[in-house]
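**Q** Handing you this structure, nothing more for now.
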Amino acid sequence: MHNTLNRIQGVFGFFTTVAFVLAAFIAATDLYSPRTPSGTINPENVQVVKGRPHYYSSKKEEYAIIKFSMEADLSSLFTWNTKQLFVYVTAEWPAANANETNEAVIWDTIITNPSADHLQNIGPAAMKRLKKSAAGNKVDRKRGLLKLKNQKPKYQITHPSGKIAEVENVKLRLHYNVQPWVGALTWNTETNHLVWDAMKGGISAAFDLPAIKKKKT
C-alpha cells in the first residue's frame, strides 16, 4: 500500500503531465491561425543634433531624431491565445563591415488583448477608456490597426563612435513580437511559414541622415 505522501506525489505528477499536454495543444493552435501582417512606414522629419550622453559628461555625441508616419494592419496577430503584442520600429544602416548592419530602436509600444488590460501600466483615465473600448470583447482585432502621423521617436539614436551625421542608406523597419498566454514568443520573419506570412511592406525607402546644422556667424 502507498502512504499518503506517495499518493499526493502521484496525483501531483499526473496533474502536471495533463497540464503540460493541454498547454502544448493550446500552443499548437497558433500554428493554424493565419498571420498576414502588413504595413507602410515613411520618414517625415530627420534631424541630427549634438548632445551629451549624460549630464556630467563633457564629451558631446551626435544624435539622430527621426519622425515617421506609419500605417499597419496587425489584426491577424490577435487570437484567443494572444496575451499582448510588442511593436517596435528600428532604423537600420550598413556597418563598416559589409556583412553587418547597424540597428537601433526608435519607437515601441505594447498592445494588450482586452483580457490582459490589467497588465497595462497606464493611468486610471486611460485604463477606463481602454476597458470601455473593449467591453464584451475577448479578442479585439481593431487594436492591431495602427495609424501614426508625424510620430515623434521615443529614442534618439547614436553610434559608439559618437558620429552619425551624413550616414547613407538608412531604412526604417516595422517589427512585432507576439507574446501568447501559452507557448513560445514569436517574431516577424523574412519568409512565409505555413499559414504565417512574412511582413508585407513594413520597410521604408532608403534615405540619408543630414549634416548637423551649424549656427550662422
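The values are calculated or read from the model by the stated rules, or taken from the named source; none is laboratory data. Predicted model only: the values in this text are computed from it and were never measured. Cβ: placed from backbone, ideal geometry, glycine included. Neighbour counts: every protein chain shown. Note: areas computed on protein heavy atoms with side chains; ligands, DNA, RNA excluded. Shrake-Rupley method; radii C 1.70, N 1.55, O 1.52, S 1.80 Å.
**Q** For the charge dipole of the chain, defined by +1 on Lys and Arg C-beta atoms and -1 on Asp and Glu C-beta atoms about the Cα centroid, which residue among T186, S204, P34 has the Cα displaced farthest towards the positive pole?
**A** S204
**Q** Under 5 Å between amide hydrogens, which residues at least 5 positions from T112 or on another chain qualify, with H placed 1.01 Å from N in the peptide plane?
**A** For T112, whose amide H was placed from the backbone, the distant partners under 5 Å are L85.
**Q** Just to be sure I understand the model, the point goes 7 Å from the Cα along the line to the Cβ. What's the resulting Q47 to L22 distance in nm?
**A** Result for the modelled spin labels: 5.6 nm.
**Q** Rounded to the nearest 20 debye, what is the charge dipole size of the chain about its Cα centre when +1 sits on each Lys and Arg Cβ and -1 on each Asp and Glu Cβ?
**A** 1120 debye
**Q** What spacing in nm lies between the two simple spin-label points modelled at A211 and D108, each 7 Å away from Cα in the Cβ direction?
**A** 3.5 nm
**Q** While we're looking at this one, here's another question. Can you pull out the trypsin sites (Lys or Arg not before Pro) in the stretch 34-100 whose DSSP state is coil and whose Cβ has at most 13 other Cβ atoms within 10 Å?
**A** Within the stretch 34-100, the qualifying trypsin sites (Lys or Arg not before Pro) (loop, at most 13 other Cβ atoms within 10 Å) are K59, K60.
**Q** While we're here: Given Cβ point charges of +1 (Lys, Arg) and -1 (Asp, Glu) and nothing else, what value in debye, to the nearest 20, does the dipole of the stretch 1-75 about its Cα centre take?
**A** Numbers: 7 positive and 6 negative charges, 86 e Å.
Magnitude of the dipole: close to 420 debye.
**Q** Which of the aspartates and glutamates could a cross-linker span from K128 if the Cα-Cα distance has to be under 15 Å and same-chain partners fewer than 8 positions apart are dropped?
**A** D117
**Q** So, one more: Could you sort F86, F12, F207, F20 by their accessible area in this structure, using a 1.4 Å probe and putting the largest first?
**A** Ranking F86, F12, F207, F20 by accessible area, largest first, yields F20, F12, F86, F207.
**Q** Moving on. Find the relative contact order for the chain and round it to a whole percent, using C-alpha pairs within less than 8 Å whose residues are 6+ positions apart.
**A** Computed over the chain, the figure is 30 percent.
**Q** Most fluctuating residue of N45, N81, N177 in a GNM of the chain with Cα springs under 10 Å: which is it?
**A** N45
**Q** How far, in nm, would the chain grow between E166 and N99 when pulled straight, counting 0.36 nm per residue and subtracting the alpha carbon separation?
**A** Full-extension gain reported as 22.0 nm.
**Q** Name the most mobile residue of E190, E62, E100, meaning the one with the largest mean-square fluctuation, in a Gaussian network model of the chain with Cα contacts below 10 Å.
**A** Greatest mean-square fluctuation among the candidates belongs to E100.
**Q** Right, next: Under a GNM of the chain (C-alpha, springs under 10 Å), which listed residue has the highest mean-square fluctuation: P124, P43, P180?
**A** P124
**Q** Could you tell me the calculated FRET efficiency between K200 and V11, based on Cβ-Cβ distance and R0 = 45 angstrom, to the nearest 0.05?
**A** Computed FRET efficiency for K200 and V11 comes out at 0.35.
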